[in-house]
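Undergrad: Structure in structure tokens, see below.
The values are calculated or read from the model by the stated rules, or taken from the named source; none is laboratory data. Treat the numbers as computed from the prediction; the structure is a model and nothing was measured. Every residue, glycine as well, gets a Cβ built from its backbone with ideal geometry; the counts of neighbours run over all protein chains shown. Side chains are part of the model used for accessible areas, which takes the heavy atoms of the whole protein and leaves out ligands, DNA and RNA. Shrake-Rupley method; radii C 1.70, N 1.55, O 1.52, S 1.80 Å.
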Amino acid sequence: MKNEEAMSKLGTEKINKLMLTMGIPMILSMVLQAVYNIVDSAFVSNMRENGEMALNALTLAFPIQMLMVAVGVGTGVGVNALLAKSLGQGNQKKACKVAGNSMFLGAVIYVVFLIFGLVGVHGYICSQTRNPLVIDMASDYLGICCVFSMGIIFFSISEKLLQATGRSHLSTIAQISGALTNIVLDPIFIYGWGVPEMGARGAAIATVIGQIVSMVVAIFFHLKYNKEIENGLRYMKPDGKVIKEIYSIGLPAIIAQALMVVMTYGLNIILGRVSESAVTAYGLYYKIQQFLLFAAFGLRDVITPVVSFNHGMGSKKRVKEGIKCGMLYTLIIMAVGLIVLEIFAAPFASIFGLSGETEALCVSAIHIISISFVFAGMNVAFQGVFQALDSGVESLVLSVCRQFLFVLPVAWFLSLPAFHAPEKIWYVWLTFPIAEVVTAIIGCRFMKKIKRNKIDVLEG
């Protein structure tokens with residue numbers, strides 16, 4: 001079976017055009033992934049009773065939802081880069097093993113989250129709050145999301161199989177299918193339009209149905225259109241060497257996104273010392289800014305296969321062009337996002353029917369944290385480049401810096417009694433610009449070293 005289609009696109013098409021044709025669908029796909037959380041939040045916050053408590057419940061559940069995405073997408077990133085590189089090297093047999101083993105890994109990941117959904121959810125929620133109503137709503141919501149997490153996990157992997165062969169538009173169609181399903185079902189299940197009113201539990205049911213729809217459509221597209229890859233049970237047999245290669249690339253991506261989980265969980269606890277409103281405000285801000293951050297992730301996931309494929313071919317010129325275009329487009333997106341959020345901070349926050357204190361905290365978070373967007377875009381693009389060039393350690397270091405080392409200790413310090421009066425909670429928001437700027441400086445130094453050792457040595 002030939003891989004001529006992938007070769008002609010990833011190996012010969014103009015980089016600028018390639019970044020746009022692959023990037024736009026992937027950006028839409030990632031942005032739509034953020035729709036699941038923000039749509040749920042918008043609907044539950046406007047419930048007739050306890051809307052803000054329900055929003056707080058979703059905020060406490062959110063880190064585990066992020067962890068599901070982290071493991072699924074991180075595994076997919078490894079699959080994406082290794083599959084694209086195998087195709088670039090003309091190794092079709094290995095490409096088939098990579099695709100088959102990705103499905104085996106998806107099954108293992110699902111079993112882990114299924115078990116957590118059955119026995120671990122209540123204890124996790126109780127570690128963040130003592131409000132019994134919030135505990136009940138958050139446990140119901142998260143339990144459903146974990147038990148039926150097969151949708152988000154297998155979709156996260158299947159979309160990377162499509163993206164690795166240059167068919168990112170198909171993964172976007174699958175994502176749109178699930179997102180629209182979720183949007184339609186949310187008010188039906190939450191408010192009881194023609195069915196019993198289920199509140200936060202209804203939001204979870206709508207979410208998992210939407211995720212399962214995306215999974216089914218993505219797997220169908222993979223089986224039908226990825227002609228470069230032969231599918232079959234024999235390719236799903238665990239291959240230790242292939243799995244090791246997948247995670248040598250994907251593990252840093254998993255850890256990178258898992259650190260977002262640790263960061264969010266830690267900030268929930270730190271902000272909880274100040275007020276429940278601060279936790280809700282930050283959780284809502286985080287979901288709003290996900291639209292931009294996930295757009296950067298979408299471009300990162302274009303940078304990875306394009307640079308990896310051409311690095312496998314030994315094309316120095318195309319590798320450099322891929323890095324340059326990927327970085328430029330990422331910075332443009334984040335700069336535009338910064339301007340939009342600064343202008344429309346108050347209208348965005350007002351959509352969710354928050355109390356005056358919570359809405360004011362959310363607006364201040366938008367104004368201050370958004371300053372970090374351009375530097376965050378640089379760091380995300382660097383991570384995509386490092387993953388493509390088998391520099392996972394450098395990618396991991398950036399993640400540790402921007403999502404842990406320069407965040408939680410600084411946020412804890414700025415929330416100490418000398419600072420943590422409600423009118424001074426904005427001090428904590430300064431953590432994020434500080435973390436992204438320092439990390440960007442480190443990323444530039446890493447890029448200089450990697451360019452010398454892994455790009456300049458290429459002959460093609």
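Undergrad: If you fit an axis through the alpha-carbon atoms of helix 150-164 and take the longest principal axis of the Cα set of the chain, what angle between them do you get, 0 to 90°, nearest 10?
TA: 40
Undergrad: Something else now. Hey, what angle do you get for helix 199-225 against the long axis of the chain, alpha-carbon based, 0 to 90 degrees rounded to 10?
TA: Taking Cα atoms only, the helix is inclined about 10 degrees.
Undergrad: Next up: Just want the answer: with Cβ charges of +1 for Lys and Arg and -1 for Asp and Glu, which residue in T280, A164, W429 is farthest toward the dipole's positive end in the chain?
TA: Value computed over the given set: A164.
Undergrad: When the dipole is taken about the Cα centre of segment 283-393, and only Lys, Arg (+1) and Asp, Glu (-1) are charged at their Cβ, what size is it in debye, to the nearest 20? Could the numbers behind the result be given before it?
TA: Working: 7 positive and 6 negative charges, 127 e Å.
Dipole of segment 283-393, to the nearest 20 debye: 600 debye.
Undergrad: Need the C-alpha centroid separation for segment 100-125 versus segment 136-189, integer Å.
TA: For segment 100-125 versus segment 136-189, the Cα centre distance is 15 Å.
Undergrad: How much length is gained on full extension from K17 to N50, taking 0.36 nm per residue of separation minus their Cα-Cα distance? The partial results should precede the final answer.
TA: Values: separation 33, 0.36 × 33 = 11.88 nm, distance 4.90 nm.
Separation in residues times 0.36 nm, less the Cα-Cα distance, equals 7.0 nm.
Undergrad: Select from A345, F446, N379 the residue farthest towards the positive end of the dipole of segment 316-460; place +1 on Cβ of Lys and Arg, -1 on Cβ of Asp and Glu, and compute about the Cα centre.
TA: Going by the Cα projections, it comes out as F446.
Undergrad: Add -39500 (n - 2.57) for each DSSP H run of 4 or more in the chain, then divide by its residues: what number comes out at 222 nm, to the nearest 500 deg cm²/dmol?
TA: Numbers: 19 runs with 372 residues, N = 460.
Helix-only estimate at 222 nm: -28000 deg cm²/dmol.
Undergrad: Moving to a separate point now. Using only Cα atoms, tell me the angle between helix 168-191 and the longest principal axis of the chain; keep it within 0 to 90° and round to the nearest 10.
TA: It works out to around 20 degrees.
Undergrad: Now for a separate question. Roughly speaking, what is the stretch gain from L180 to A107, that is 0.36 nm per residue apart minus the C-alpha to C-alpha distance, in nm to one decimal?
TA: Details: separation 73, 0.36 × 73 = 26.28 nm, distance 2.57 nm.
Result: 23.7 nm gained on full extension.
Undergrad: In segment 10-65, what GluC sites (Glu not before Pro) fall in a loop by DSSP, with at most 11 other Cβ atoms inside 10 Å? Can you show the working numbers first?
TA: Working: sites: E13, E49, E52; in loops: E13, E49.
Passing sites in segment 10-65 are E49.
Undergrad: While we're looking at this one, here's another question. Would you mind computing, in nm to one decimal, how far apart the modelled labels at V340 and I434 are, each placed 7 Å from Cα along Cα→Cβ?
TA: Spacing of the two 7 Å Cα→Cβ label points: 3.0 nm.
Undergrad: Let me ask another. If each of W412 and I188 carries a label point 7 Å out from its Cα toward its Cβ, how far apart are those two points in nm?
TA: A separation of 4.7 nm, rounded to one decimal place.
Undergrad: Now, a different point. Taking the alpha-carbon centroid of each part, what is the distance from segment 37-78 to segment 237-260 in angstrom?
TA: With segment 37-78 and segment 237-260 each reduced to a Cα centre, they are spaced 24 Å.
Undergrad: Right, something else. Only Lys, Arg, Asp and Glu count, each charged at its Cβ (+1, +1, -1, -1), so figure out the dipole size of the chain about its Cα centre, rounded to 20 debye.
TA: On the way: 35 positive and 27 negative charges, 421 e Å.
Computed charge dipole of the chain: roughly 2020 debye.
Undergrad: Consider a paramagnetic label point 7 Å from the Cα of R234 along Cα→Cβ; state which residues of segment 95-128 have an amide N under 20 Å from it.
TA: Flagged as within label range: 95-105.
Undergrad: Ignoring any ligand, DNA or RNA, what whole percent of the accessible area of segment 185-243 comes from carbon and sulfur when the probe is 1.4 angstrom? All intermediate terms of the calculation are to be shown ahead of the outcome.
TA: On the way: 2020 of 2950 Å².
Of the solvent-accessible surface of segment 185-243, carbon and sulfur hold 69 percent.
Undergrad: Heavy atoms only, probe 1.4 Å: what % of the accessible area of segment 312-383 goes to carbon and sulfur, would you let me know? Numbers along the way, then the final one.
TA: On the way: 2200 of 2890 Å².
Of all accessible area on segment 312-383, carbon and sulfur atoms account for 76 percent.
Undergrad: Would you please give the FRET efficiency between E357 and E459, computed as 1/(1 + (r/R0)^6) with r the Cβ-Cβ distance and R0 = 45 Å, to the nearest 0.05?
TA: Calculated transfer efficiency: 0.15.
Undergrad: Same structure again: Counting other Cβ atoms within 10 Å, keep those with at most 16, restrict to DSSP loop, and tell me which GluC sites (Glu not before Pro) in segment 193-236 are left. Provide the component values of the computation, followed by the final result.
TA: Working: sites: E197, E228, E230; in loops: E197, E228, E230.
Filter output for segment 193-236: E197, E230.
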